């Protein structure tokens with residue numbers, strides 16, 4: 001309740017009470033004036049009677065005051081209710097608005113929570129992308145450097161003089177695969193291609209074949225890796241032939257692997273047919289009808 005409204009009610013109550021008191025006092029005075037002469041003339045009994053009468057009049061005045069006080073209380077109560085009614089209605093409206101604002105606040109908090117989660121996810125994704133891009137770029141650079149070392153080694157007449165190129169290429173490839181760890185398939189395919197060549201020229205044909213197959217699995221269009229895979233398979237098969245008949249099944253499987261790799265090469269790069277036909281490593285394949293079929297198409 002506002003202070004001004006309380007003051008109005010208090011003033012009203014005070015006025016009504018004051019009116020009741022004034023009325024009561026005037027009644028008493030009139031009674032006393034009316035009977036003042038009679039009191040002097042009548043006997044002591046009459047004086048007692050008049051005293052009782054005056055007492056009765058006083059009681060009547062008192063009950064009249066109580067009635068007036070009740071009327072004032074009721075009036076004040078009604079005025080308070082009338083004053084409070086709009087305040088209560090306004091309070092209900094404000095409460096509804098508060099509840100609505102609270103719901104909006106909670107909704108905004110939930111949206112902010114989701115936004116923070118999304119931001120964290122996006123931020124982490126961007127960091128991963130940045131790290132991945134850096135690793136892929138670094139891996140590509142190291143793989144190309146290894147490939148340049150291998151070209152120098154392969155083109156050298158005296159390979160002993162360029163043995164350090166083979167070693168440098170091997171170190172670069174090991175760094176890519178073990179430390180840099182790129183995830184781009186083409187970078188990995190190039191890396192395994194160079195690694196397979198390093199192993200091939202180091203006469204590690206089993207490991208070289210495995211690396212070159214990984215290169216093709218990372219990039220099915222890497223026909224150079226497929227070509228070198230066929231070379232490694234033939235070299236390994238020749239080694240196993242020298243060990244005896246017990247490896248015949250394995251060598252037959254290696255021949256099929258080599259022919260499958262050559263089929264991929266010629267599908268992707270048909271102009272390599274002349275090179276395939278003259279390749280020294282494929283000598284053992286020339287006895288296969290499948291090889292003749294590849295060369296005739």
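The values are calculated or read from the model by the stated rules, or taken from the named source; none is laboratory data. Here the structure is a predicted model, which means the values were calculated and not measured. No Cβ is skipped: glycine too gets one built from the backbone with ideal geometry, and neighbour counts run over all protein chains shown.
Below are the figures for this structure:
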item	result
Selection from segment 206-218 of residues that are under 16 Å from residue 177 (Cβ atoms) and touching a helix residue (DSSP H, G or I) at 6+ places or on another chain (Cβ under 7 Å)	207, 208, 211, 212, 213, 214, 215, 218
Exclusive hit being in a helix (DSSP H, G or I) and either in the same structural domain as residue 198 (by TED's automatic domain parsing) or under 30 Å from residue 199 (Cβ atoms) (or both), set 135, 89, 96, 83	135
Selected residue [over 31 Å from the mean Cα position of the chain (by Cα) and either at negative phi or modelled with pLDDT of 85 or more (or both)] from 141, 131, 116	141
Lone unmet requirement of (1) within 27 Å of residue 192 (Cα to Cα); (2) assigned to a helix (DSSP H, G or I) for residue 157	(2)
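To keep it simple, each residue is scored yes or no on (1) surrounded by 24 or more Cβ atoms within 10 Å (Cβ to Cβ); (2) free of Cβ contacts under 8 Å to residues at least 40 places away in the same chain; (3) in contact with a strand residue (DSSP E or B) (Cβ under 8 Å, 6 or more places away or on another chain).
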{"site": "184", "(1), (2), (3)": "no, no, no"}
{"site": "190", "(1), (2), (3)": "yes, no, no"}
{"site": "221", "(1), (2), (3)": "no, no, no"}
{"site": "224", "(1), (2), (3)": "no, yes, no"}
{"site": "228", "(1), (2), (3)": "yes, yes, no"}
{"site": "240", "(1), (2), (3)": "no, yes, no"}
{"site": "244", "(1), (2), (3)": "no, yes, no"}
{"site": "259", "(1), (2), (3)": "no, yes, no"}
